[in-house]
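See below for the structure under consideration.
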Amino acid sequence: MKKTIEITVPKDWSAITFKTWLKLQADLKNYEEDEGAYEHILLYHLCGITPDVLEQLDNDTLNSIKEDLTGFMNKSEDYTLQRIIKVGEKEYGFEPNLGKMSYGAYLDIASYKSIELNEEWVDMVSILYREVKKKRGALYEIKKYQGVDPWESEKWMDMGMDFHFGCFFFFNRLYKDLQQGILKSTKNHPEISPNIKSILEQSGEVMHQLQQSQKITY
C-alpha cells in the first residue's frame, strides 16, 4: 500500500517564525564544514522534511520544492517596518519618536554588543515595540518603557520573519543614513568640540556593527 506524504512548502518569510529561524541558523553554523548538509538543513527547518522522507522524494518533486524556497529566501530586505502589530488580543506599536526615546530604553539597546538576529534580538524588539495605549488614524501612543521582561520577549519568538526582517533592515538603513549625516556634519563643522566628536565616533562603532550584521547566512 502506498503511503501519502504531505509537505508544506512556505511561499514567503511570513511562514517562518523567529524560533525556527534561530534553530536554522544554529544548525547551519554547527554543520558549516559539511557542504552536503546545507540543503538538508534548509529542507528540514523550512519544510519539515526529515532525512527518511527526503530519500523517498523523486527528483522532480525535490527540484520543485527547491525552486519555491529559492523564490523567497533572498528577499529578506524587501520587507518594510510594521509600525503597529497585533500579537494575540493586544496591539503593539513601534517607538513613534526615536529622537525622544526614553534614556532607559536607549541605554538598554546600547548595552548590546551588536544588533543581530540572534537570541538577544527579541529583547530589543520588546524595547522598541510596546503596547498601544491610544490610537487615532496613523497616530498612536504606546506605554512607557519599564525595562525588558523576559516573559514579554518570548511572544516575539512566534512572529514571522517578515515582521522581524522589516524591523531589522529598517534599523540597518536608518543607521546607514545617520552615519552619512554624521560624517557630513563633522566635515562641515570642524569646530565641533572634542567631546562631541568622541560621542559621534562611539555612535559610528554601533553603526558599523549594524552594517556588519547584514551578513546573514542563508
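Read-outs throughout are calculated quantities, based only on the coordinates presented, and are distinct from any laboratory measurement. Just so it is clear, the structure is predicted and the values come from calculations on it, not from any experiment. Every residue, glycine as well, gets a Cβ built from its backbone with ideal geometry; the counts of neighbours run over all protein chains shown.
Among SER153, SER102, what is the fewest-to-most ranking by other Cβ atoms within 10 Å? Don't skip to the answer; put the middle values down first.
Working: SER153 18, SER102 13.
Going from sparsest to densest Cβ surroundings: SER102, SER153.
Considering amide H positions built from the backbone, and no H for Pro or chain starts, which residues 5 or more places from ILE49, or on another chain, come under 5 Å of its amide H?
Distant-sequence amide H within range of ILE49: TYR44.
Which distance in Å, rounded to a whole number, links the C-alpha centroids of the range 9-72 and the range 111-170?
The distance from the Cα centre of the range 9-72 to that of the range 111-170 comes to 27 Å.
In nm, what is the difference between 0.36 nm times the number of residues separating SER102 and LEU28 and their Cα-Cα distance? Don't skip to the answer; put the middle values down first.
Details: separation 74, 0.36 × 74 = 26.64 nm, distance 3.73 nm.
Gain on extension, SER102 to LEU28, equals 22.9 nm.
Using modelled amide H (1.01 Å from N, peptide plane; none on Pro or chain starts), what sits under 5 Å from the amide H of VAL87, excluding residues fewer than 5 places away?
TYR92
For the range 40-51, just list the computed ³J(HN,Hα) in residue order, Karplus coefficients 6.51, -1.76 and 1.60, θ = phi - 60°, integers in Hz, with x standing in for Gly and Pro.
Calculated HN-Hα couplings, in order: 5, 5, 4, 5, 6, 6, 8, 10, x, 8, 7, x Hz.
What shape does the range 13-74 have by the C-alpha gyration tensor, where a ≥ b ≥ c are the square roots of the eigenvalues, rounded means a/c under 1.5, and otherwise prolate means a/b greater than b/c and oblate the rest?
Working: a/c = 1.71, a/b = 1.20, b/c = 1.42.
Verdict is oblate for the range 13-74.
Calculate one ³J(HN,Hα) per residue across the range 71-84 by plugging θ = phi - 60° into the Karplus curve 6.51 cos²θ - 1.76 cosθ + 1.60, and present them in order as whole Hz with x for glycine and proline.
Result, ordered by residue: x, 10, 5, 9, 10, 5, 7, 7, 7, 10, 5, 9, 5, 10 Hz.
Considering only SER64, HIS40, ALA26, whose Cα is most displaced toward the positive end of the charge dipole of the range 13-74, charges sitting on Cβ of Lys, Arg (+1) and Asp, Glu (-1)?
Highest projection toward the positive end goes to ALA26.
Explain nothing, just the number: dipole magnitude of the range 44-144 about its Cα centre with +1 on each Lys and Arg Cβ and -1 on each Asp and Glu Cβ, in debye rounded to the nearest 20. The partial results should precede the final answer.
Details: 14 positive and 18 negative charges, 253 e Å.
For the range 44-144, the charge dipole is close to 1220 debye.
What do you get for GluC sites (Glu not before Pro) in the range 22-63 restricted to DSSP loop and a cutoff of at most 10 other Cβ within 10 Å of the site's Cβ? Walk me through the intermediate numbers first.
Values: sites: GLU32, GLU33, GLU35, GLU39, GLU55; in loops: GLU32, GLU33, GLU35, GLU55.
Here the sparse-neighbourhood loop sites are GLU33, GLU35, GLU55.
For the range 55-62, just list the computed ³J(HN,Hα) in residue order, Karplus coefficients 6.51, -1.76 and 1.60, θ = phi - 60°, integers in Hz, with x standing in for Gly and Pro.
Going residue by residue, I get 5, 8, 7, 7, 4, 4, 5, 5 Hz, with x marking Gly and Pro.
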